[in-house]
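These notes concern the structure reproduced below.
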Amino acid sequence: MNYIFPTNYNFKNKIFGIIDYPTAIFNIVYFLIIFSIFNAIFNAINLKIIFIVIFYFPIFLFSVIGFNHENILYSLFYIIKYLIKPKIYLYK
């Protein structure tokens, strides 16, 4: 049986069919940064877990669910670009 893919089909490799590779690498790097910061600050494991969940979990959820399945790095880039130069676009 032969499968025919249309020419405009955008095929992306994903880890477990959910997260694309740049987003997964971003999640790992962000987790390691958050983990190392809170590991240096706190000694109690409870505080480490609480603060890691507070600071890492929302970013992880946005990367899995996403903004209309867009890469989290592009979304962050657009948000930072808007914060640097805010413009108001008016459409008729």
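Express the carbon and sulfur contribution to the solvent-accessible surface of the chain as a percent, rounded to the nearest whole number, probe 1.4 angstrom. Carbon and sulfur: 70 percent of the exposed surface of the chain.
Evaluated at q = 0.10, 0.19, 0.22 Å⁻¹, a Debye calculation over the C-alpha positions of the chain (equal weights, vacuum) places log10 I(q)/I(0) at -0.43, -1.00, -1.12. Under the combined filter of DSSP loop state and at most 11 neighbouring Cβ atoms within 10 Å, the stretch 18-92 retains these chymotrypsin sites (Phe, Trp or Tyr not before Pro): TYR89, TYR91.
Normalised per residue, the accessible area of the chain is 91 Å², obtained with a 1.4 Å probe and no contribution from ligands, DNA or RNA.
The values are calculated or read from the model by the stated rules, or taken from the named source; none is laboratory data. As the structure is a prediction and not an experimental result, all values here were calculated from the model. Here Cβ is always computed from backbone atoms with ideal geometry, including for glycine, and neighbour counts include all displayed protein chains. Accessible surface is based on the protein model in full, side chains and every heavy atom, while ligands, DNA and RNA are left aside. Shrake-Rupley method; radii C 1.70, N 1.55, O 1.52, S 1.80 Å.
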